[in-house]
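Notes to accompany the following structure.
The values are calculated or read from the model by the stated rules, or taken from the named source; none is laboratory data. From a predicted model like this one, the values you see are computed outputs, not experimental measurements. Cβ sites come from the backbone with ideal geometry, for glycine too, and all protein chains shown count toward neighbours.
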Amino acid sequence: MIDKKLLHNLKLELDKCAPENEHLNQDGLSGFFYALTITPVIIDPADWMAELFYGERPTLTGKQSKDLKKAVTAVVKASNKALLKSELEFPYDFSALDDARFDCVWHWSAGFLQGIYLRLAFWKSGIIANETQQASDVVANSVDIIFALVEGDLSVLNNIDQLKAQLQLAGKEPTDELIMASLLQALPEAYECIRLFAAQMSLRLLAKQTV
């Protein structure tokens, strides 16, 4: 898990730069830096700093830029340390998920999705499916689960008919609400699938660099 104090400090610096609704909140920042950190290739800050403000970076004073850069750097360093220690596990416990915690999970997922979109072609490349001769790629499907939860759009799911069939077998009407609920329960597994894929690709890149 990324240090919450550092994330909170970054959120406070963002508050000084723009209204609260014009930048990621603390949970969104957590999700964003999870995605940024597990991505196997380094992404230049110039490519993602504006994402902290939903893609619209405001004009900043010299002091704001300096303080924001300091807070961001602290979070990046903490994120990388957490990655090296294998501490970037899914940060929420679903055993006691009330409305407030659900809101936190949504913001985390939205931030994570923003980070994933920085290299979406990689995550949706279908590498695993190609190597295992599968018709459907588990990593791309995991990204779609998160997209569906964040955007409330089930049309992106390749296995929507399978989900409906599973609900029917359980004696339940496959409404959009129930499908969304099943996707929410699958969120930790979807994240873990993405994380493990990223770790595997990182090892491959390291092996190539070594050669």
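Residues that are aliphatic (A, V, I, L, M), assigned to a helix (DSSP H, G or I) and in contact (Cβ under 8 Å) with a residue 24 or more places away in the chain within segment 48-84 comprise LEU52, LEU68, ALA71, VAL72, ALA74, VAL75, VAL76, ALA78, ALA82, LEU83, listed in sequence order.
Cβ-Cβ contacts under 9 Å between residues 6 or more apart (or on different chains), taken from a first residue in segment 4-28 that is in the same structural domain as VAL150 (by TED's automatic domain parsing) and surrounded by fewer than 17 Cβ atoms within 10 Å (Cβ to Cβ) to a second residue that is of a type in the set (S, T, N, Q) and outside any helix (DSSP H, G or I), are absent. A single entry from SER79, SER65 fulfils the requirement of being within 18 Å of ARG195 (Cβ to Cβ), among the hydroxyl-bearing types (Ser, Thr, Tyr) and either in contact with an Asp or Glu (Cβ under 7 Å, 6 or more places away or on another chain) or not assigned by TED's automatic domain parsing to the domain that holds ALA190 (or both): SER79.
Taken over segment 32-47, the criterion of being part of a helix (DSSP H, G or I) and either under 17 Å from TRP123 (Cα atoms) or not hydrophobic (A, V, I, L, M, F, W, C) (or both) is satisfied by PHE32, PHE33, TYR34, ALA35, LEU36, THR37, ILE38, PRO45, ASP47.
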